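No value in this document is a laboratory result; all are computed from the given coordinates. Bear in mind that the values here come from a model prediction, so they are computed numbers and not experimental data. Note: ideal-geometry Cβ built from the backbone for every residue, glycine included; neighbour counts use all protein chains shown.
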Amino acid sequence: MNMYVSNLSFQVTDEELRNLFGKFGEVTSTKVIMDRETGRSRGFAFVEMPDKAGEEAMKELDGKQLDGRAISVSKAKPKSDSGGGGSYSRDRGNRW
C-alpha cells in the first residue's frame, strides 16, 4: 500500500517517517518530497507498506501530532500518465 502523508513539518526526514510507521509493520519505502530549486521539504511524503500494516498505520496516524503538526495520512492516488505540464511546447513544431 502506498500512502500519502501531508501537513508535515519541513524538518521531518525519511528516517523519522520510517520509525513512526515502522511501529505498525514493515516499511518498504519512505520518500519526503523535496523542492528541486530550494532543496527544502515540500511538506508531504509517500510511505509504502504491506496492505494490512498500511491500513492499521493509516487508521492510527491520521490526525496525530508529529513535530507540532496534525499529519494527514491517506491512500496515495495512482500516478497518472497524463504527461503533465502544458501542451504548448509539445504541439509547437506543428503549429503552422
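Fully extended, how many nm does the chain gain between Q11 and L66 (0.36 nm per residue separation, minus their Cα-Cα distance)?
Gain on stretching Q11 to L66: 18.8 nm.
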Once the piece of chain linking E55 and R36 is laid out straight, how much longer is it, given 0.36 nm per residue of separation minus the C-alpha distance between them? 3.8 nm
K52: which aspartates and glutamates have alpha carbons under 17 Å from its alpha carbon, excluding same-chain residues fewer than 8 sequence positions away? E26, E60, D62
Which trypsin sites (Lys or Arg not before Pro) in segment 26-80 pass both tests, a DSSP loop state and at most 14 other beta-carbon atoms within 10 Å? R36, R40, K64, K79
